[in-house]
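Here's the structure, in structure tokens; my notes come after.
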Amino acid sequence: MTVSDRSPASLAAALRDIQAPVRGELDAVPDELWRIVSTDVPLVRDVQSHLMAMKGKLFRPTLLLLASQLEGRSPPEAVTYAAIVELIHLATLVHEAAVDHSVLRRGMPTVNALFSHQLSVIMGDFLYLRALREMVRLGEPEAMRIIAEASNEMTLGEIRQLGAFDALGFSEADYEARIRAKTATLFMAACEVGALCGAPACRPAMARYAERLGMAFQVADDVLDYTGESAVTGKPS
């Protein structure tokens, strides 16, 4: 049975099983997100409310929190790093929707569709900068380096994709390089920062695991763009 053959209910149940060991910490992530992006600017608050409603299944925070508990510890800073990783992911979605002029994401209107293209670009920048500010506050240089490197790779991957003369004229190796930059790098950052928080000896193994998981995740997501139904995927086919 393929992913596209499974019902949304069965997929949600499988994800709940994966998240069960860190459910308490994961439930605290949305509050951390709100705290990090809190501002008194009314327009920004309106966009933030929309984005918080758009937040997905918190898969990257799940990976970070699971990695942080590999040695049986539950480091409190892991919840904040999980929120930071999700915030960076949200920023990439906002920017991607602006670049692609997408009107639907996760079954809801995108920021550029609901507000404006200009605000979408600026809001993506704002989310990145709030994540950066929070990392500075935490003061862990190695975690900051890991997340900054991942953000850099994701940005370069998007630039390479935009600069391609023929959007479909690339090899399998080119495709793998793109999806590694687009998705696997943030999976790697999530798992490596999680391990850094609570299981530092596991960092190399978790980085390798997350790279492969991220590649497989993006391949499946790309296939669903062609085979999945919008009601299930939450975006146009």
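Tabulated data
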| item | result |
| --- | --- |
| Residue tally, condition within 30 Å of residue 42 (Cβ to Cβ) and within 19 Å of the chain's Cα centre (by Cα), over the range 120-153 | 18 |
| Residue in the range 140-160 that is out of contact with any His (no Cβ under 9 Å at 6 or more places or on another chain), crowded, with 19+ Cβ neighbours inside 10 Å and basic (Lys, Arg) present | no |
| Pairs with Cβ under 6 Å, 6+ apart, first in the range 11-36 and more than 26 Å from residue 220 (Cα to Cα), second open to solvent by less than 40 Å² (accessible area, probe 1.4 Å) and charged (D, E, K, R) | 36/130; 36/134 |
| Residues being out of contact with any Ser or Thr (no Cβ under 9 Å at 6 or more places or on another chain) and of a type in the set (Ser, Thr, Tyr) - total across the range 44-89 | 3 |
| Cross-chain or 6+ apart pairs with Cβ under 7 Å, the range 151-163 first and in contact (Cβ under 8 Å) with a residue 24 or more places away in the chain, then open to solvent by 60 Å² or more (accessible area, probe 1.4 Å) | 154/182; 157/182 |
| Any hit, the range 15-31, residues being more than 15 Å from the chain's Cα centre (by Cα), surrounded by fewer than 13 Cβ atoms within 10 Å (Cβ to Cβ) and part of a loop (DSSP other than H, G, I, E, B) | no |
| Among residues of the range 142-175, those that are within 27 Å of residue 125 (Cα to Cα) and part of a helix (DSSP H, G or I), counted | 23 |
| Qualifying positions in the range 181-229 - open to solvent by 20 Å² or more (accessible area, probe 1.4 Å), at pLDDT 95 or above and touching an Asp or Glu at 6+ places or on another chain (Cβ under 8 Å) | 188, 196, 197, 201, 202, 203, 206, 215 |
| Close pairs from the range 190-215: first free of Cβ contacts under 8 Å to residues at least 60 places away in the same chain, partner open to solvent by 40 Å² or more (accessible area, probe 1.4 Å) and not in a helix (DSSP H, G or I), Cβ under 8 Å, at least 6 apart | 196/140 |
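The values are calculated or read from the model by the stated rules, or taken from the named source; none is laboratory data. Treat the numbers as computed from the prediction; the structure is a model and nothing was measured. No Cβ is skipped: glycine too gets one built from the backbone with ideal geometry, and neighbour counts run over all protein chains shown. The area values use the complete protein model at the heavy-atom level, side chains included, leaving out ligands, DNA and RNA. Shrake-Rupley method; radii C 1.70, N 1.55, O 1.52, S 1.80 Å.
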